[in-house]
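Encoded as C-alpha cells, the structure appears first; notes follow it.
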Amino acid sequence: MASSDETNADGNSQACLAGLPAFVAEIDRLCADAKAVIAAARNEVDLEKARIEFLGARSGRLKGITRLLSGLSASERPVGGKHFNDAKETITAVFNEAKDRMAVAAAQEGGSSAGAAIDITLPGKQLRLGHLHPITQTIRRVQEIMSRLGFESVDGPEVEDQWHNFEALAIGPEHPARDPLDNFYLTVAQGVEPLLLRSQTSTVQIRVMENREAPLRIVSLGRVYRPDTADATHYPMFHQVEGLLIEKGSTMAHLKSVLRFFAASFLGGDVRVRFRPSFFPFTEPSVEVDMEWGGRWIEMGGAGMVDPAVLKAVGYDPHEVSGFAFGLGVERIAARRYGVADIRDFYRNDVRFLEQF
Ligand code: FA5
C-alpha cells in the first residue's frame, strides 16, 4: 500500500495511507482535535462551527475520512469501520454534552434556551380548562332527561325547503308565518322556490314521520332562525327542543305529564307549569306552555296533539295512531335554570359570564 502522508484542506490525510495503523492514528488525531475544539467553544455559535467542521454531513472532517476506508484491505476494513463509528459516536456525544451544558447555563442566566428552567420548588400554576357552552350543556341535559322517557335524539337540516318548514305543517301559501319579513329566505336561483333557514324545529317531526313507521318517540334540538329584534327573551338565532310522540291511544294528558316531568327534572320540583289554549296550524288542540320564574309567567314553548291532517300528509292513518308534539325555547329554559335575566348574555362571548357555568 502507498504511504503518502499528504494532508488535504480538511486536515485529513489523503487516501492510501499505510494500512490500518495509519488509518486508526488518523482517526484518533481527528477525535482529539474535535474534543479540543468543542471544549474551547465559548458559545452556541462556536459550537455550531465545531459541529460543521467535524460532523458536517457534506464536508465535515469525519466525512472526509470515510474515503480513506476504501484504501484498507478487505480484512482491515471491518476493524477500520468500527474504529470510525466509535469515533463518530464519541464526537457526537461530546458535542451533545457541550450543547446541553450551554443550554443549562443560558437558562440559569435567564436566557431563552429550553429546558432546565424549571424550579420544582415554585408553587404550581393552575391551568384554566375550557368547558362546554351553557347552551350545549342544556342541550345535553335535555337529551338525557328525555332519553329516560324513551325519546331518541335525532337531527335535521338547518337549511330547509318550504314543504318541511310550512306546507307539511299545514302552514299554507297565504299564511302570515311565511312572510319574507318573518323568515330568512335564501335565493337559490331565479324561478326556483327559495329555501330558508328553518324557523322552527317542527320541520324534524315531518322528516322523521315521512321516513319511519309509528310508534315514535323522538326529540330534536337545534338552531332556528327568525328576524326577531334581540331583547332579553329574543334572539335572531336561537335553539328549540322539539318533542314528538306518535303512539296508539296517546292523549293530551300524556303530553302534559311528559312536559311536567321534563320541567321538574330540568328546573326542579318546585317549578310551576301552566298550559294556555292557543293555536298552531299543525296541532289540534294546541297550547302555549308557560313556566313561572321570579313571580312572573314566561312562555317557554308551544305544544298540542298532532293534527290529523299532518298525520295524513306524512302517510299515517289518523284513525290508527295519534300523537303529540311540543317545541320549547332552549335559551329560555336555560335562562330559567341558571337565573340568567337576559338571553343575549349567552352570545356575548364574555368569558367572565361563560366561565360561571
Ligand atoms: C313554535 O316554534 C312551534 N314550532 C312550537 C310547537 C311545536 C308547537 C310542536 C306545537 C307543536 P313558537 O313560535 O311559539 O312555536 O316558538 C316556541 C318557543 O321558542 C317560544 O315559546 C320561545 O320559548 C322560543 N322562541 C321563539 N322565538 C324566539 C326568539 N326570537 N328567541 C328566543 N326564543 C324564542
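The values are calculated or read from the model by the stated rules, or taken from the named source; none is laboratory data. What you are looking at is a predicted structure, and each value in this text was computed from that prediction instead of being measured. As a convention, Cβ positions derive from the backbone with ideal geometry for all residues, glycine included, and neighbour counts pool all protein chains shown.
Looking at Val192, Val287, Val204, just one residue is closer than 26 Å to His133 by Cβ and among the β-branched types (Val, Ile, Thr), and that residue is Val204.
Of the residues making up region 163-187, just one is free of Cβ contacts under 8 Å to residues at least 24 places away in the same chain and touching a strand residue (DSSP E or B) at 6+ places or on another chain (Cβ under 6 Å), namely Tyr185.
For (1) in contact with a Gly (Cβ under 8 Å, 6 or more places away or on another chain); (2) closer than 24 Å to Arg260 by Cα; (3) not assigned by TED's automatic domain parsing to the domain that holds Arg212, each residue gets a yes or a no:
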| position | (1), (2), (3) |
| --- | --- |
| Gly295 | no, yes, no |
| Val306 | yes, yes, no |
| Tyr316 | no, no, no |
| Ile333 | no, yes, no |
| Ala341 | no, yes, no |
| Phe346 | no, no, no |
| Asp350 | no, no, no |
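When Gln200, Gln190 are checked against the criterion of being in the same structural domain as Ala334 (by TED's automatic domain parsing) and at pLDDT below 95, a single residue qualifies: Gln190. Scanning region 133-160 for residues being closer than 15 Å to Glu193 by Cα and surrounded by fewer than 17 Cβ atoms within 10 Å (Cβ to Cβ) gives a total of 1.
Only one entry of Ile206, Ile246 meets the criterion of being within 27 Å of Arg148 (Cα to Cα), within 14 Å of the ligand (Cβ to nearest atom), in contact with a Pro (Cβ under 7 Å, 6 or more places away or on another chain) and modelled with pLDDT of 95 or more, and that entry is Ile246.
Could you say whether any residue in region 116-126 is in a loop (DSSP other than H, G, I, E, B) and under 30 Å from Val340 (Cα atoms)? The answer is yes; a qualifying residue exists. Summed over region 137-155, the residues that are out of contact with any strand residue (DSSP E or B) (no Cβ under 6 Å at 6 or more places or on another chain) and within 16 Å of the ligand (Cβ to nearest atom) give a count of 1. Across region 205-240, the qualifying residues are those that are under 24 Å from the mean Cα position of the chain (by Cα) and within 20 Å of Pro281 (Cβ to Cβ), and the one among them that is surrounded by the fewest Cβ atoms within 10 Å (Cβ to Cβ) is Tyr225. When Gly302 is tested against the conditions (1) assigned to a strand (DSSP E or B); (2) near the ligand (Cβ under 10 Å from one of its atoms); (3) in contact (Cβ under 8 Å) with a residue 40 or more places away in the chain, the lone failure is (3). So Gly268 fits all but one of (1) surrounded by fewer than 16 Cβ atoms within 10 Å (Cβ to Cβ); (2) within 13 Å of the ligand (Cβ to nearest atom); (3) on the phi > 0 side of the Ramachandran plot; what number is the exception? Condition (2) is where Gly268 drops out.
Yes/no matrix, rows are residues, columns are (1) within 14 Å of the ligand (Cβ to nearest atom); (2) closer than 18 Å to Gln240 by Cα; (3) at pLDDT below 95:
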site: Arg274; (1), (2), (3): yes, no, no
site: Glu292; (1), (2), (3): no, no, yes
site: Gly295; (1), (2), (3): no, no, yes
site: Ser322; (1), (2), (3): yes, no, no
site: Gly327; (1), (2), (3): yes, yes, no
